[in-house]
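> Please see the structure below; I have some questions.
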Amino acid sequence: MNNNRFVSLPSRPLVPIYVPIYVMVLLLSACDEDDPPPSGGSGATTSDPAGSTGDDEPAPGDDSSTGAPVQPCDGLPSAQCEARPDCMVVEVDSNNEETCALGLPFPRCIEAGEPLSSSNRTTYFLQTESGIDYLFNGAMCIDGPPAVPVGWTECSGAPTDPQRCDCWCGAGDCPREEGILTLEACELPTLCGELVDHEYGEPFGEYTQCVFAALRDRTPGRLASNISDVIFYDRTLVYTDGSDQVQVLQRHATDVCQTLTHDTWGPTQSCTLKAPQFFDDCLAAGPSEQNENCIFSSNWTTDCQDVDPVCP
């Protein structure tokens, strides 16, 4: 019969073919939902024990853009040096004659440490194959480093310091200021009142006349003189006990820097005052002779010798 032939048609083989395809589609869809997003994507939730934000950071000593080792400051051209926050261009002095005279400064790129105030008067040195390089901070007419030079040694008064460390301050100690610190602490009476500058070329004013009269009369106390001009000034302090022997400190500055001791107090000197008649003659002289032969303190004394400062 036709019905028996219809019923006996093989339908079961169709099921195994249809069902696996459907199941495979479902499985593939499920896999797409469970797979994690690619590394570094917006959905990444990987933990970082160091607390990293996920941004790539160069290792210390690596260039921030390429990961290559950072080039040392030493030897960099000035433009590249100034562009680096860890480097600085400085004026290095390499005079190795062991004198206080300044050598020819030359620019050099070095590593920069902590910021350094220009009021901090100190000296750094570095031993090189060709000698010793120096950096002076706070010295007049010299641009000091804006930061502590990494790898350099600060002058400290140690026996191993180079000779030139004695020319300038180091580690808070200024050996050339020993005299003024000692003698100013003696609390001698200040003669002639508040210091008044004498302008070179002018006749003696009332203050300068008082100074010369006190020197003539050997009045005990402290005397100060300051001579100024457009290109120099000359400062002198005299400490006297009333005898012919006095202690003198001098400080000079011109518009030309030739030495590390420029604008610093010189060593304490013990000197013999000239005879009273010299000071009388200066008081009676005209302006030209006063300025040429009298006003500078080097004219007031003889037989000066460097000494240790002692209160009169």
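> By the gyration tensor of its Cα atoms, with a ≥ b ≥ c the square roots of the eigenvalues, what is the shape of region 98-148: rounded for a/c under 1.5, prolate for a/b over b/c, or oblate?
Here region 98-148 falls in the oblate category.
> Let me ask something else. Could you tally the net charge around Ile231, taking each other residue with its Cβ under 13 Å from the Cβ of Ile231, Lys/Arg +1 and Asp/Glu -1?
-4
> Here's something else I'd like to know. Given a Förster distance of 25 angstrom, what is the FRET efficiency for Ser118 paired with Ser298, based on the Cβ-Cβ distance and rounded to 0.05?
Values: r = 32 Å, r/R0 = 1.26.
After rounding, the FRET efficiency stands at 0.20.
> Computing the accessible area with a 1.4 Å probe over protein heavy atoms, can you report the carbon and sulfur percentage for region 204-312?
Taking all protein chains in place, region 204-312 shows 48 percent carbon and sulfur surface.
> Shape verdict for region 174-258, please, from the Cα gyration tensor: rounded (a/c under 1.5), prolate (a/b greater than b/c) or oblate.
Values: a/c = 2.26, a/b = 1.14, b/c = 1.98.
Cα axes put region 174-258 in the oblate bin.
> Tell me the per residue accessible area of region 234-312 using a 1.4 Å probe; a whole number in Å² is fine.
Values: 3690 Å² over 79 residues.
I get 47 Å² per residue for this part.
> Here is a further query. Could you tally the net charge around Pro105, taking each other residue with its Cβ under 9 Å from the Cβ of Pro105, Lys/Arg +1 and Asp/Glu -1?
Result for the neighbourhood of Pro105: -3.
> While we're looking at this one, here's another question. Could you tell me the relative contact order of region 170-312? Use alpha-carbon pairs under 8 Å, at least six residues apart, and round to a whole percent.
26 percent
> Could you please report the charge total around Ser118, scoring K, R as +1 and D, E as -1 over all other residues with beta-carbon less than 15 angstrom from its beta-carbon?
With Lys, Arg at +1 and Asp, Glu at -1, the neighbours total -3.
> Find how much the distance from Asp308 to Ala284 grows on full extension, using 0.36 nm per residue of separation minus their present alpha carbon separation; answer in nm with one decimal.
Extending this stretch completely gives an extra 5.1 nm.
> Put a dot 7 Å past each Cα toward the Cβ at Ala83 and Ala158; how far apart are the dots in nm?
Here the modelled spin labels are 3.8 nm apart.
> So the label point goes 7 Å from the Cα of Asp241 along Cα→C-beta, right? Which residues of region 186-225 then have their backbone N under 16 Å from it?
In region 186-225, the label zone of Asp241 (backbone N under 16 Å from the point 7 Å along Cα→Cβ) covers 186-189, 218-222.
The values are calculated or read from the model by the stated rules, or taken from the named source; none is laboratory data. Everything numeric here is computed off the predicted structure, so don't read it as measured data. Heads up, the Cβs are rebuilt from the backbone with ideal geometry, glycines too, and the neighbour counts pull from every protein chain shown. Quick note on the areas: whole protein, heavy atoms, side chains included, nothing else; ligands and nucleic acids left out. Shrake-Rupley method; radii C 1.70, N 1.55, O 1.52, S 1.80 Å.
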